[in-house]
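Written out below as structure tokens is the structure these notes cover.
Derivation of every value follows stated rules applied to the coordinates shown; laboratory data play no part. Here the structure is a predicted model, which means the values were calculated and not measured. As a convention, Cβ positions derive from the backbone with ideal geometry for all residues, glycine included, and neighbour counts pool all protein chains shown.
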Amino acid sequence: MTELADLRPASPPMVRLEFAQKAFIVDDDRLLLVRKSMSDPHHPGRWEVPGGRIHVDGDIDLDDHIRREVWEEVSIKIDPGPPFHLWQWYMPDGDFGALQQSRVVAVARTCRPISVDATTMNQEPDDHLSEAAWVPRDRLAGYDLIPSLRPVMQHFLRLPADLD
């Protein structure tokens with residue numbers, strides 16, 4: 001005999017919507033990349049750009065947010081520039097259990113460095129970064145990027161060098 005509970009459709013997983021900013025920091029035709037540490041739970045050893053999710057604890061100034069994220073991750077000061085790309089990705093949401101996920105909507109922004117001596121010494125423990133590197137624009141294609149950043153990087157590389 002089939003029970004009524006067996007006929008009900010499974011409830012869809014809960015999805016939390018989050019927002020993020022990523023800084024494409026350009027200096028002398030070089031882009032600042034950060035490498036995820038081998039302890040990173042999602043993309044160990046892969047490269048990305050600095051930035052992070054916005055934690056809404058009241059009113060948020062987007063320029064201040066990206067300045068803070070970059071300072072925490074690579075210890076440099078930046079002048080935030082305009083957005084050039086919008087994208088999204090899904091990831092497991094540890095706050096709600098293994099079957100839950102977050103949908104992250106992100107904006108990529110070109111930024112100008114005020115300082116250039118990048119280090120990961122100020123990072124938060126959950127950043128999982130092992131190094132920072134200034135990479136010449138013509139060598140970016142050779143880096144193993146996190147999957148969600150690959151189409152954004154292609155878009156970035158199509159920008160005129162004097163606009164990034």
query: For Arg112 and Ser39, what does the FRET efficiency come to when R0 = 25 Å and r is the distance between their Cβ atoms, rounded to the nearest 0.05?
result: 0.20
query: Quick one: if the Förster radius is 30 Å, what FRET efficiency do His55 and Leu157 give, using the C-beta to C-beta distance and rounding to 0.05?
result: 0.50
statement: Simple spin-label estimate for Tyr90/Arg139, 7 Å along Cα→Cβ, in nm, reads 3.7
- request: Provide Arg112, Arg158, Arg35 in ascending order of the number of other Cβ atoms located within 10 Å of each residue's Cβ, fewest first.
  value: Arg158, Arg112, Arg35
- prompt: For Val15 and Glu72, what is the calculated FRET efficiency with R₀ set at 22 Å and r taken between the beta-carbons, to the nearest 0.05?
  reply: 0.25
- prompt: Which order do peptides 41-52, 67-78 fall in by mean Cβ count within 10 Å, highest first?
  reply: 67-78, 41-52
message: If you restrict to DSSP beta bridges whose two residues both lie in the range 21-158, what percentage is antiparallel, to the nearest 5?
response: 80
